[in-house]
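Notes follow the structure.
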Amino acid sequence: MPTVMLTTHCPNACPWCFARPKMEEYQARGIGEINWEDFLTVVDFYEQSGLRHMTLLGGEPGLHSRFTDILRLLREKNFSVLVGTTGILPESLVDRIIEEGFQQLDFALNSTSYFEYGEDQKRQVDHFLFRLGRRVSLAYTITEKDLVRTGVEPILDRIAMMIKFNLYRHLQFQIAVPGERNRLFVPFDRYRDLAELVRGWFAILRNNHICCGLDCHCMPSCAIPEDLRQTDFFRSTCDRFMIDIGPGGDIWPCFPLSQQGSKLEQFGSMGDIYRHFNRINAEECILYDERCRDCSEREAGSCHGGCRGFQHLRGPSGMTRYSTIPLRHASTRRVPSCG
């Protein structure tokens, strides 16, 4: 599902953030948010494409100078709206959202840094959660640190938040992937460790009647445990780009691939955009290292080698840098061929 980038500034400075270079690029051009005319163009494009759901991102989308006007417009157009947020918002804005009585409005709060916030930030987030309650689901970004700790505390902490604030019982995961100048992403050779880690997390969530999901991240087939390959949770094909729309009508497949920019005005529908980015990202281009070349699953088209975001790590030799953090089990390092 496509997303719309409302702002280019964020109250957080997450070290794993892969959107920061794109935000800094806009800031260097003096652009802090999408202007009203450009947003109207985006809404028209959605309607022409038959879309009635919009996901709003930033930066922090709630800090857009006309955020409530945007929500009112989308309500008039009968759009359902999901806002990806930090929850670090003025209490007056949160109260105004409640007073407006928006019916088709939900929020996904990235809670990864919640327990590291200072007093002022945590007070704002708590007010946001207390006031909006069941309209809010939590998100959590899995980083390299989780593979060092390997505990269940992140899951237990989120369950406690759901109970305390009466939140919607869904936890959405993202995997931290490489971007320009970011850190703490999950290294390629640790994806099997990651799959084993989240297997235990999912069991806890299911036992507590909490749904979970994973964003579009693609994992190499060889990293997915055999008994999990038939589930819909892990995917080994990278052919469903999110499509991000930014200020000025800029579009790109996803933030790690934001250098593949184009313009909204060049396309007649969202389907045209998907076809364009799928065409320039043919699966035969997605190679982590030389072992992928002889992989039978890749040759059969059932594995694309993983998320294209890892292309950021490819040096002059074309080889990917591997993790330096300790392995949970030596046998989980990706040494044998995929085939």
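Selection of first residues in the range 107-126 that are in contact (Cβ under 8 Å) with a residue 40 or more places away in the chain and of second residues that are among the aromatic types (Phe, Trp, Tyr), restricted to Cβ pairs under 7 Å at least 6 apart or on distinct chains, gives the following pairs, ordered by first then second residue: 111/140; 112/140. When the range 18-41 is filtered for residues that are surrounded by fewer than 20 Cβ atoms within 10 Å (Cβ to Cβ) and either aliphatic (A, V, I, L, M) or part of a loop (DSSP other than H, G, I, E, B) (or both), the ones remaining, listed by number, are 28, 29, 30, 31, 32, 35, 40. When residue 59 is tested against the conditions (1) within 30 Å of residue 175 (Cβ to Cβ); (2) not in a loop (DSSP other than H, G, I, E, B), the lone failure is (2). What do you reckon, is residue 123 modelled with pLDDT of 95 or more, exposed (fewer than 15 other Cβ atoms within 10 Å of the Cβ), under 30 Å from residue 80 (Cβ atoms) and of a type in the set (D, E, K, R)? Answer is yes for this residue.
No other residue among 65, 92, 111 is more than 24 Å from residue 23 (Cα to Cα), of a type outside the set (Val, Ile, Thr) and either surrounded by fewer than 18 Cβ atoms within 10 Å (Cβ to Cβ) or within 22 Å of the chain's Cα centre (by Cα) (or both) apart from 92.
Within the range 174-188, the set of residues being farther than 7 Å from residue 144 by Cα, surrounded by fewer than 22 Cβ atoms within 10 Å (Cβ to Cβ) and in contact with a helix residue (DSSP H, G or I) (Cβ under 6 Å, 6 or more places away or on another chain) comprises 179, 180.
Looking at 132, 156, 138, which is the one that is within 17 Å of residue 171 (Cα to Cα), over 21 Å from the mean Cα position of the chain (by Cα), crowded, with 16+ Cβ neighbours inside 10 Å and aliphatic (A, V, I, L, M)?
Going through 132, 156, 138 in turn, the sole match is 132.
Has the range 85-93 got at least one residue that is among the charged types (D, E, K, R), touching a Leu at 6+ places or on another chain (Cβ under 7 Å) and over 23 Å from residue 263 (Cβ atoms)? No, the range 85-93 contains no residue that is among the charged types (D, E, K, R), touching a Leu at 6+ places or on another chain (Cβ under 7 Å) and over 23 Å from residue 263 (Cβ atoms). Of note, residue 91 does not satisfy the criterion of being of a type in the set (Asp, Glu), touching a residue at least 24 places away in the same chain (Cβ under 8 Å) and more than 16 Å from residue 11 (Cβ to Cβ).
Checking the range 142-149 against the condition returns a match, with at least one residue being of a type in the set (Asp, Glu), surrounded by 19 or more Cβ atoms within 10 Å (Cβ to Cβ) and under 19 Å from the mean Cα position of the chain (by Cα).
Counting just the residues of the range 1-48 that are of a type in the set (S, T, N, Q), in contact with a Ser or Thr (Cβ under 8 Å, 6 or more places away or on another chain) and in contact (Cβ under 8 Å) with a residue 60 or more places away in the chain, which one comes out farthest from residue 260 (Cα to Cα)? Break it down stepwise before answering.
First, the residues of the range 1-48 that are of a type in the set (S, T, N, Q): 3, 7-8, 12, 27, 35, 41, 48.
Those still in the list that are in contact with a Ser or Thr (Cβ under 8 Å, 6 or more places away or on another chain) too: 3, 12, 27, 48.
If we keep only those that are in contact (Cβ under 8 Å) with a residue 60 or more places away in the chain too, we end up with 3, 12, 48.
Details: 3: 16, 12: 26, 48: 24 Å.
Among those residues, the one meeting the criterion is 12.
Examine the range 71-78 for a residue that is touching a Ser or Thr at 6+ places or on another chain (Cβ under 8 Å) and either part of a loop (DSSP other than H, G, I, E, B) or at pLDDT 95 or above (or both), and state whether such a residue exists. Scanning the range 71-78, I find no residue that is touching a Ser or Thr at 6+ places or on another chain (Cβ under 8 Å) and either part of a loop (DSSP other than H, G, I, E, B) or at pLDDT 95 or above (or both), so the answer is no. Scanning the range 10-59 for residues that are modelled with pLDDT of 95 or more, within 21 Å of the chain's Cα centre (by Cα) and among the basic types (Lys, Arg) gives a single hit, 52. Considering only the range 291-305, state which residues are farther than 18 Å from residue 229 by Cα and either modelled with pLDDT under 80 or assigned to a loop (DSSP other than H, G, I, E, B) (or both). Hits for the range 291-305 are 291, 292, 293. Of all residues in the range 259-288, those satisfying the criterion of being modelled with pLDDT under 85 and either buried (at least 17 other Cβ atoms within 10 Å of the Cβ) or under 15 Å from residue 34 (Cβ atoms) (or both) are 281, 286, 287, 288.
The residue of the range 236-258 that is modelled with the lowest pLDDT, among those that are more than 15 Å from the chain's Cα centre (by Cα) and within 21 Å of residue 308 (Cα to Cα), is 239.
The values are calculated or read from the model by the stated rules, or taken from the named source; none is laboratory data. From a predicted model like this one, the values you see are computed outputs, not experimental measurements. All Cβ positions, even for glycine, are placed from backbone atoms using ideal geometry, and neighbour counts span all protein chains on display.
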